[in-house]
Amino acid sequence: MLGAVALAFAIARTIDPAIDRAWPDLVLFRFPHLDDPVARAIDLSFGLALTAVAEELVFRKLALNLFVDRLGSAGTLWFSSVLFGLIHWSSGLGPIVGGALIGAVFMLLLRKTNSVIPAIGAHYLVNLAIVY
């Protein structure tokens with residue numbers, strides 16, 4: 001799991017910003033920094049945890065269960081990864097590309113462990129590292 005976290009974090013810290021620097025006009029939205037310590041603590045705990053759980057259940061577990069018979073393992077990996085990247089469209093092209101790559105890493109983690117729990121944990125840790 002820690003390898004997946006490290007790889008996903010590296011993607012988020014290198015590919016996303018590089019693409020966004022090249023095409024800054026494609027960035028439509030950035031989450032604001034929360035200065036209130038209580039709001040920040042709630043966001044960093046519950047907000048990021050709920051996001052990780054929901055996105056991993058939909059884009060990894062549910063996608064695997066729904067599409068593996070139709071698309072095969074590799075097709076499901078790429079289909080769910082592209083969809084995962086596309087939900088980050090408002091943050092720009094960098095997060096779309098980075099999100100798709102990170103989605104592939106998390107799907108591989110789910111496939112390797114046969115459990116969505118490590119992918120949820122990895123997703124939470126990457127989001128925490130990016131936001132914090």
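Taken along the Cα-to-beta-carbon direction at a fixed 7 Å, the label points for N65 and R13 span 3.5 nm.
Shown here for segment 22-122: chymotrypsin sites (Phe, Trp or Tyr not before Pro) in loop regions (DSSP other than H, G, I, E, B) with at most 14 other Cβ atoms within 10 Å, namely F29. Considering every alpha-carbon pair of segment 9-70, the percent of pairs per 5 Å bin, from zero through the bin containing the longest distance, is 3, 13, 12, 15, 19, 20, 12, 4, 1, 0.
Taking 7 Å steps out from each Cα toward its Cβ at L108 and L26 produces label points 2.3 nm apart. Its DSSP H runs of at least 4 residues, each contributing -39,500 (n - 2.57), put the calculated 222 nm mean residue ellipticity of the chain at -24000 deg cm²/dmol, to the nearest 500.
Gain on full extension, evaluated as 0.36 nm per residue between V58 and W78 minus their Cα-Cα distance, stands at 5.8 nm.
Computed over the Cα atoms of the chain, what is the convex hull's projected area averaged over all directions, in nm²? Provide the component values of the computation, followed by the final result.
Numbers: hull surface 31.2 nm².
For the chain, averaging the hull's shadow over all directions gives 7.8 nm².
Roughly what % of Cα-Cα distances in segment 77-132 sit above 19 Å, to the whole percent? Please report the intermediate quantities before stating the final value.
Numbers: 401 of 1540 pairs.
In whole percent, the share of Cα-Cα pairs in segment 77-132 beyond 19 Å is 26.
Read-outs throughout are calculated quantities, based only on the coordinates presented, and are distinct from any laboratory measurement. Model, not experiment: these values are computed from the prediction. Here Cβ is always computed from backbone atoms with ideal geometry, including for glycine, and neighbour counts include all displayed protein chains.
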